[in-house]
Every structure is written in C-alpha cells, then in structure tokens.
C-alpha cells in the first residue's frame with residue numbers, strides 16, 4: 001500500500017486560536033480512515049485545508065505524490081479529490097440530476113455535458129435518489145440532501161472522498177442505509193477519509209482511526225487500539241464503560 | 001453541445017421567427033415609426049440578454065453594464081471619425097476593445113461578491129465616464145459630432161438608417177443565440193452553479209474565477225457593438241449620454257421583469273418595456289414617467305415574482321419550460 005494523501009506538519013491559526021497544529025498523518029490507498037475528536041478539534045478545518053477552501057499557515061498536503069497545498073478548490077476537485085459538507089450546500093434551484101451533472105462535468109473526469117448525464121444518473125441511483133432525479137434540491141429532506149452531497153461528489157469519479165458528518169441528523173434506518181452506501185463506495189475502489197461523531201458507526205466502518213484534540217493528533221491506529229487508549233478515553237469518550245461497549249462493537 | 005440537437009429544439013426556431021419578424025414588419029410598408037420603436041427594442045434586448053449572462057446565470061448584479069455600450073460607442077465613433085474606418089470594422093473592433101477592457105476590469109472586481117460587486121460596477125462606469133470627460137482625443141465633455149458625409153457609404157442618411165437597423169437586429173439575434181448556446185453549454189451549467197452557490201460550485205470543480213471573468217468579458221462584446229451602431233446612427237456621442245446609469249437600471253428592470261436566467265425572459269421584458277415606454281412618452285403629463293413605473297415594477301417583481309414573467313408562466317404551465325427556454 002502506498003499513501004494516497006499525506007498531511008505533513010499542517011498548521012492553521014484563526015487569530016489567537018490554533019485550529020490545526022503541526023498535524024501529520026497519511027491516508028493509504030483503498031482504506032477508510034476515520035477522523036474523530038471533540039467539537040472544535042479542527043476536523044472540518046482540516047478538510048478545508050486539504051481541499052483548498054482555506055490555505056494553511058504551514059505544512060504540506062500531498063495528494064498522489066503531488067503537492068496540492070493552497071491550490072484553489074476547483075483544481076483540487078479536478079485532481080480527483082471530492083468532499084461533502086457538514087452543513088449541506090445544495091445548488092438549491094437545480095434538480096437532483098442537475099446537481100450531479102455539475103459534479104460529473106467538473107470532477108476528475110472533466111466530462112463534456114452530453115456524457116455527464118449518464119455518470120450523474122448512475123451516482124444518484126447509487127445513493128438511492130432514483131425517485132428524486134427531477135426534484136429541486138431545495139425540496140429534499142435533510143437525509144435527501146445528505147445523499148445528494150454524496151451523489152454529487154461520487155459523480156465526479158473521485159480517487160479520494162472526504163465525508164464530513166454524512167450520518168449526522170439521520171434516523172437509525174437512514175444511518176444504516178448510508179453506512180451500506182459508504183461501504184459500497186469503498187468497494188468501488190474509492191479511498192475514504194470520514195469525519196463522524198457516531199462512534200458505533202465509525203468504529204465499524206474504519207480500518208484505521210485518527211483522533212484529533214485541540215488541533216493536534218491525540219492517537220492513531222486500528223479502532224480497537226484507539227478505543228482502548230487512555231488518552232482518547234479521557235479526552236473524548238469520557239467514560240471507560242462507553243469504550244468497553246465500543247470494543248464490543250469492533 | 002452538438003449543433004444537431006440545438007436545431008431540433010423548437011426554441012431555436014422561435015428565436016429565428018422573432019428575428020424574421022423584426023426584419024419584415026417595418027420593411028413591408030416602409031414603416032419608419034415602427035422601425036424606430038423596434039430599433040430601440042433591439043437595443044434593449046441586446047443589453048438585457050447580455051446582462052442576463054452575469055445577472056441571470058452567474059448571479060452577479062452588474063449595475064454598470066451600460067459602460068460597455070458607451071465605450072463601444074466611443075471606440076466605434078473614434079475609429080470612423082478619426083481613423084476613417086468603415087462602420088462594420090469600426091463597430092466590431094470597438095466590441096473587441098471593450099471585451100478586452102472588460103476582462104481586465106473583471107479580473108479586478110470579480111473578487112468581490114454581492115453588494116460590493118454591484119457597487120464596484122457602478123464605480124467602473126463612473127470612473128470611465130470621468131476619464132472620457134477629460135480625454136481630449138475623444139472630445140472631452142462636449143463629445144464628438146459626426147459629419148453626415150459619413151452616411152454616404154451606406155447610401156445616404158435615409159438608407160443608412162435602414163442599414164443600421166438591420167445590423168442592430170442582427171446583433172440582437174446574435175445576443176439571443178449567444179444566451180441560448182451559453183445556457184445549453186457546460187460553461188452555462190458552471191455559471192448557473194456559481195449563481196446558486198459559488199463556494200459549493202468551486203468545491204465541485206467549477207473554475208469560478210475563470211468562468212466569471214469570461215462571462216463578464218463575453219457579456220461586453222455585443223452591447224459594445226450595439227453602442228457603436230446606436231451612436232453612429234445619432235451622429236453624436238457625449239459622456240453623459242454614453243454612460244447614463246439610467247440605461248443600466250432599465251436593463252436590470254427588463255431582465256427581472258421578463259425572468260432572469262431564461263433566454264426568452266430578457267427579450268420579452270425588453271419588448272414589453274419598450275412598448276410601455278413608447279406609450280408613456282406620448283403622454284405630455286410626465287417626462288420620463290417610465291422610470292417611475294420601472295422603479296415600482298422592480299419592487300413588485302423582487303417582492304412577489306422573483307422569477308419574472310417567465311417564472312410565472314413556468315409555474316402555471318410547467319411544460320412550457322421545454323418550448324420557451
């Protein structure tokens with residue numbers, strides 16, 4: 001296995017707040033890497049630094065061996081790195097299909113318009129939006145909008161997918177269906193870096209887990225090892241009983 | 001977008017029919033009064049359709065779009081008057097020069113969004129007007145008068161007015177087809193995505209800075225040519241006419257009235273607005289009463305029908321979307 005994405009000494013400050021501090025880790029090809037940590041640990045900031053929405057103060061982001069630090073988001077997308085947003089960002093007046101066509105047109109494949117439709121439709125069907133193709137994105141439920149985020153980024157045929165809390169706000173049935181979709185995405189050969197607060201879900205999905213706390217890496221390793229780590233229990237899980245329960249889930 | 005698929009769409013032929021109507025209606029019966037009314041409508045349609053590329057597609061409010069029209073007029077008049085070029089090359093060169101300038105302005109002000117961008121576009125117009133007012137080669141504040149001698153190559157003053165009218169109708173037609181082709185293209189899809197949510201569009205891979213600059217640049221070309229023809233026809237240009245913000249405001253009202261983001265809307269809005277204007281002008285009670293109406297119209301549309309006439313029509317008859325695009 002070779003590293004698909006390398007984060008090297010990444011730092012970002014907002015005024016006096018150090019959101020991300022000297023963070024380093026790597027995402028291996030074909031794995032699902034879970035990213036967890038308390039609110040304000042710097043997880044979403046890290047995503048913004050990776051895909052160019054924000055420029056880091058120091059450090060490097062290397063994707064497929066190429067330094068992509070600080071290049072604008074649309075070029076990162078073209079390079080094959082797609083993401084979803086924690087707070088959904090639909091192109092509201094456009095239909096589900098049109099949203100996905102934008103993803104397919106301007107993603108890694110850079111498809112011409114007449115060929116994008118097929119890829120877009122396939123992605124929408126894949127996440128289970130086949131009944132909603134012509135629905136304006138603004139009229140979807142929150143679960144629907146989360147699916148749309150996923151479909152749009154999938155339509156881009158990415159190599160690496162960053163998922164920012166795609167399970168938050170979903171009911172248990174929807175969570176289960178979404179987990180299934182994420183597994184199937186990985187089976188298609190897409191590497192996934194996922195932020196999630198639902199512990200059971202991320203422990204069972206991820207091959208490895210990185211724990212962030214106050215912008216720094218607190219722990220890294222297989223789910224079982226991370227859930228057993230006293231530092232992680234203290235900072236995040238808070239309760240040894242919960243940790244034991246999670247170990248049962250792994 | 002393949003040419004064959006466009007030729008198969010009814011809307012392509014509706015536009016063609018509208019152009020034919022503009023050509024034939026005043027020609028049959030040699031109706032000069034109708035020609036003058038339709039000439040203004042053609043200018044309004046050109047301005048509104050091109051403004052729509054920014055306002056309707058990319059969601060950027062350009063309050064100073066008239067600067068393209070005025071500068072195009074100045075370049076054309078200067079080329080014709082001082083360099084003794086023919087009207088056609090002068091107008092086209094004027095369009096090209098203004099597009100290049102628009103690209104330069106655009107790279108600067110398109111870093112701004114929302115109200116700040118709108119303010120900056122007014123700033124561009126006012127700055128250009130101040131520059132031209134003090135620019136002696138272009139006549140400064142008094143402007144440039146053309147000798148009627150210059151109409152001779154077009155067959156004398158009377159015939160020249162017909163020639164200019166036909167060319168302007170051509171420019172109008174090109175504006176409508178440009179708007180249509182952009183809307184059906186990948187470029188247009190990118191612009192629409194930017195108009196919906198620029199940050200999300202960029203994350204999806206839409207090269208927003210390049211697309212916006214290109215749209216701003218393209219939307220300058222045909223209005224600049226129309227400006228050249230319009231001021232050549234009047235044989236006179238001065239800064240206060242060329243860079244009149246009132247025209248810009250009217251163009252925005254027209255786009256909103258007809259329906260932003262559609263091809264048909266700005267054309268329909270422009271035609272209706274010109275008819276309304278002509279009708280109100282014949283009343284002696286108010287000078288420029290159409291501006292009062294325009295202001296009220298804009299308020300009512302923004303508050304109650306943001307989709308304009310086309311939005312209302314689509315709401316009533318959704319299938320109309322496939323015919324009147």
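We did not get these values from a lab; they are worked out from the coordinates using the rules stated. Nothing here was measured: the structure is a model prediction, and the numbers come from that model. Reconstructed Cβ throughout: ideal geometry from the backbone, glycine too, with neighbour counts over all protein chains shown.
Computed values, structure above
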quantity: Exposure proxy ranking, count of Cβ atoms within 10 Å, fewest first, for B:279, B:138; calculated: B:279, B:138
quantity: Convex hull volume of region A:8-150 per residue (C-alpha atoms, cubic angstrom); calculated: 133
quantity: Linear extension gain, residue A:8 paired with residue A:30, 0.36 nm per residue minus alpha-carbon span; calculated: 5.9 nm
quantity: P(r) weight above 26 Å for region B:33-174, C-alpha pairs, percent; calculated: 32
quantity: Distance from region A:115-145 to region A:154-208 (C-alpha centre basis), Å; calculated: 17
quantity: Residues B:5, A:84, A:135 arranged by fewest to most Cβ contacts within 10 Å; calculated: B:5, A:135, A:84
quantity: 0 to 90° range, to nearest 10: angle between helix A:113-126 axis and chain A longest Cα axis; calculated: 50
quantity: Between region B:257-325 and region B:85-141, the alpha-carbon center distance in angstrom; calculated: 27
quantity: Viscosity 1.567 mPa s, 4 °C: Kirkwood-radius Stokes-Einstein D of region A:67-106 over Cα pairs, µm²/s; calculated: 112
quantity: Test item: B:193-202 mean partner chain Cβ contacts at 10 Å; calculated: 6
quantity: Normalised per residue, the volume of the convex hull around the Cα set of region A:56-132 (Å³); calculated: 122
quantity: Value of Rg/Rh across region B:101-150 [Cα atoms, Kirkwood radius]; calculated: 1.18
quantity: Between helix A:172-187 and chain A: long-axis angle, C-alpha atoms, 0 to 90°, nearest 10; calculated: 80
quantity: Cα-based shape type of region B:197-306, given that a ≥ b ≥ c are square roots of the gyration tensor eigenvalues and the cut on a/c is 1.5; calculated: oblate
quantity: Cα extents of region B:162-211 along the three principal axes, largest first (Å); calculated: 50, 17, 15
quantity: Footprinting exposure proxy for A:12, B:152, A:217 (fewest neighbouring C-beta atoms within 10 Å first); calculated: B:152, A:217, A:12
quantity: Hydrodynamic radius of the protein assembly as shown per Kirkwood, over alpha carbon pairs, in Å; calculated: 26.4
quantity: Average beta-carbon neighbours from other chains, 10 Å sphere, peptide A:70-82; calculated: 4
quantity: 10 Å Cβ neighbours from other chains, averaged over peptide A:92-99; calculated: 3
quantity: Where Rh is the Kirkwood radius over Cα pairs, Rg/Rh for region A:66-224; calculated: 0.97
quantity: Whole-Å distance, taken between Cα centres, linking region A:35-80 and region B:176-213; calculated: 24
quantity: Enclosed volume per residue, in Å³, of the convex hull spanned by Cα atoms of chain B; calculated: 146
quantity: Angle between chain A longest axis and helix A:240-249 axis [Cα atoms, degrees, rounded to 10]; calculated: 50
quantity: Cα gyration tensor category, rounded, prolate or oblate, for region B:38-80 with a/c compared to 1.5; calculated: oblate
